[in-house]
Structures are given as structure tokens and as C-alpha cells.
Amino acid sequence: MKEVFLPTLHWFAMKNPFSGSCGEFRFMAKPNVVMATPKEVDFEQSTIFVEYWHGPFCYEMSEMEGEGTFPLTEEGRSQLQKWLEEHI
């Protein structure tokens, strides 16, 4: 089974999107970060929204084949990685 790379939770907690690929499989993950205080992320309320597609083109030029939303937690990150790998 091929493995998909995902950055750390800190990457997403800083409101950074992430795009990745594995062969012709491509995905875009975008965090929805809820702040508990001006400097603290509310991880229980925050999520990662992801879409995937197959093909040679970028996100903007492709038709999405699936989407999902996962908690912004280590468990959610693991679920996201497993879900992506099931769709390669």
C-alpha cells in the first residue's frame, strides 16, 4: 500500500492548507481553525476539510471525486491519512 504524506497538526493549526499527491492521486487539505483565545487553537472545534481527484491537473482545473472533514487532532489526522490512502 502506498503512503500519503501529511504535515504535522501544527502546520494545520497555523491555518496553512496542504496539497499532496501520490502518482496520479491528488488532494487538497484546508484547515478550519477555531480559536479558543487569541493565541490558542480550540482543537475540539477545529477541522480539516479535504478533497481529492485523480489526474495530471491542478486543483483549480480538476473535477473533485470526493471530500471529507476530519477533526484537527492526532486521531483525526490518522483517520484522514487512512481515508486518503484508501482512495489512491
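Is it the case that some residue within region 5-12 is in contact with an Asp or Glu (Cβ under 8 Å, 6 or more places away or on another chain) and either open to solvent by less than 50 Å² (accessible area, probe 1.4 Å) or closer than 17 Å to Gly68 by Cβ (or both)? Checked region 5-12: at least one residue is in contact with an Asp or Glu (Cβ under 8 Å, 6 or more places away or on another chain) and either open to solvent by less than 50 Å² (accessible area, probe 1.4 Å) or closer than 17 Å to Gly68 by Cβ (or both). If the condition is being within 12 Å of the chain's Cα centre (by Cα) and either at positive phi or in contact (Cβ under 8 Å) with a residue 24 or more places away in the chain (or both), then region 48-65 contributes Ile48, Val50, Glu51, Tyr52. Beta carbons closer than 6 Å, at least 6 apart along the sequence or on distinct chains, pair a first residue in region 21-38 that is assigned to a loop (DSSP other than H, G, I, E, B) with a second that is acidic (Asp, Glu) and at pLDDT 95 or above for Val34/Asp42.
Given the structure, is Lys2 open to solvent by 30 Å² or more (accessible area, probe 1.4 Å), modelled with pLDDT of 95 or more and in a loop (DSSP other than H, G, I, E, B)?
No, not satisfied.
Go through region 17-52 and report how many residues are out of contact with any strand residue (DSSP E or B) (no Cβ under 9 Å at 6 or more places or on another chain), charged (D, E, K, R) and under 16 Å from Thr73 (Cα atoms). Total satisfying the criteria: 1. In region 1-36, what residues are over 11 Å from the mean Cα position of the chain (by Cα) and of a type in the set (Ser, Thr, Tyr)? Within region 1-36, Ser21 is the sole residue that qualifies.
The values are calculated or read from the model by the stated rules, or taken from the named source; none is laboratory data. Here the structure is a predicted model, which is why all the values come from computation and not from measurement. Neighbour counts run over all protein chains shown; Cβ positions are idealised from the backbone, glycine included. Note: accessible area is taken over every heavy atom of the protein model, side chains too, but ligands, DNA and RNA are not part of it. Shrake-Rupley method; radii C 1.70, N 1.55, O 1.52, S 1.80 Å.
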